[in-house]
Amino acid sequence: MATDRTSTAAGAGPRVRRRADAERSIAAIVEAALAVFGRDADATMADIARAAGVGRVTLYSHFPSREDLLEEVMGRAIGEARTVLDAIPVQDLPADQALAEVVRSCWQVLDRYRSLQAAAVRVLGPERMRAHHDEPMAVVSDLLARGRKDGTVRADLPHDWLLATVYSLLHTAAAEVEAGRLPAADVPDVLEATLASVLAPPEQAS
């Protein structure tokens, strides 16, 4: 029995090392993909492998397709957005001010990953991309609901329509910057002014 336990313990060491090696490879691939897709929406899997310092066989063993890799990388980018939003004291601010802060913060992350967004939407499609944004947009949804109750956000249009408007404006801004029609530095102020006009109760807008 002692021999069996010794053999088992001896065999566990290589398995642990292999798992650790795999985790390091995955981390390197995801970090490389964030950086490379962040610069070039048309980057290839070979580009990612080179940037990560791994072979293509290793890359494909962890992420069998471009779709699998983009799913993972989008999850990481959205995780960054959640961290940024968690730092905003939304409960301590009036709903309209909190919305403005949240939208500015969302733009900071979206701007950083504009090219990644462009790459991902081609492969994952708009519905799956919207699903990736469910958690950050839940913060926006809660603030819209609070603003409708306290009178700082219009209540004459459907809640879901206003939520879709915020989401669409953020991503339209990214597309306009990518196309060279809007300077990235102008986007926060443009978004804030546009949303203030769109979301204001009719009596305030008039």
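Tell me whether region 40-48 contains one or more residues that are over 22 Å from residue 117 (Cβ atoms), of a type in the set (A, V, I, L, M) and modelled with pLDDT under 95.
No - not one qualifying residue is present in region 40-48.
When residue 68 is evaluated against the numbered criteria (1) modelled with pLDDT of 95 or more; (2) under 20 Å from the mean Cα position of the chain (by Cα); (3) surrounded by 14 or more Cβ atoms within 10 Å (Cβ to Cβ); (4) not aliphatic (A, V, I, L, M), which criterion, by number, is the only one it fails?
(3)
Checking the condition among the hydrophobic types (A, V, I, L, M, F, W, C), in the same structural domain as residue 117 (by TED's automatic domain parsing) and either in a helix (DSSP H, G or I) or out of contact with any Lys or Arg (no Cβ under 8 Å at 6 or more places or on another chain) (or both), which residue from 73, 30, 57, 36 passes?
Testing whether each residue is among the hydrophobic types (A, V, I, L, M, F, W, C), in the same structural domain as residue 117 (by TED's automatic domain parsing) and either in a helix (DSSP H, G or I) or out of contact with any Lys or Arg (no Cβ under 8 Å at 6 or more places or on another chain) (or both) leaves just 73.
Out of all the residues in region 133-154, which are more than 25 Å from the chain's Cα centre (by Cα), surrounded by 15 or more Cβ atoms within 10 Å (Cβ to Cβ) and not hydroxyl-bearing (Ser, Thr, Tyr)?
148, 153, 154
Please identify the pairs in which a residue from region 82-98 that is surrounded by 14 or more Cβ atoms within 10 Å (Cβ to Cβ) has its Cβ atom under 6 Å from the Cβ atom of a residue that is basic (Lys, Arg), counting only partners at least 6 apart or on another chain.
Here the result reads 95/146, each pair linking region 82-98 to a residue that is basic (Lys, Arg).
Considering only helices (runs of 4 or more DSSP H) fully contained in region 120-206, which possess at least 2 residues that are of a type in the set (Ser, Thr, Tyr)?
Helices (runs of 4 or more DSSP H) meeting the threshold: 159-178, 187-199.
Counting only residues that are charged (D, E, K, R) and surrounded by 14 or more Cβ atoms within 10 Å (Cβ to Cβ), which one in region 41-65 is farthest from the chain's Cα centre (by Cα)?
Per the stated criteria, the residue is 50.
Looking at (1) in a loop (DSSP other than H, G, I, E, B); (2) over 29 Å from residue 72 (Cα atoms), can you tell me which one residue 88 breaks?
(2)
Looking at this structure, is residue 61 within 21 Å of residue 34 (Cα to Cα), touching a helix residue (DSSP H, G or I) at 6+ places or on another chain (Cβ under 9 Å), of a type in the set (Gly, Ala, Ser) and without any contact (Cβ under 8 Å) to a residue 12 or more places away in the chain?
Answer is yes for this residue.
Which is in the same structural domain as residue 187 (by TED's automatic domain parsing) and touching an Asp or Glu at 6+ places or on another chain (Cβ under 7 Å), of 98, 118?
118
For (1) within 30 Å of residue 120 (Cα to Cα); (2) free of Cβ contacts under 8 Å to residues at least 24 places away in the same chain, each residue gets a yes or a no:
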site: 132; (1), (2): yes, no
site: 136; (1), (2): yes, no
site: 146; (1), (2): no, no
site: 153; (1), (2): no, no
site: 161; (1), (2): yes, yes
site: 179; (1), (2): yes, yes
site: 183; (1), (2): yes, yes
site: 188; (1), (2): yes, no
site: 191; (1), (2): yes, no
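The values are calculated or read from the model by the stated rules, or taken from the named source; none is laboratory data. Computed from a prediction, not measured in an experiment: that's the story for all the values here. Every residue, glycine as well, gets a Cβ built from its backbone with ideal geometry; the counts of neighbours run over all protein chains shown.
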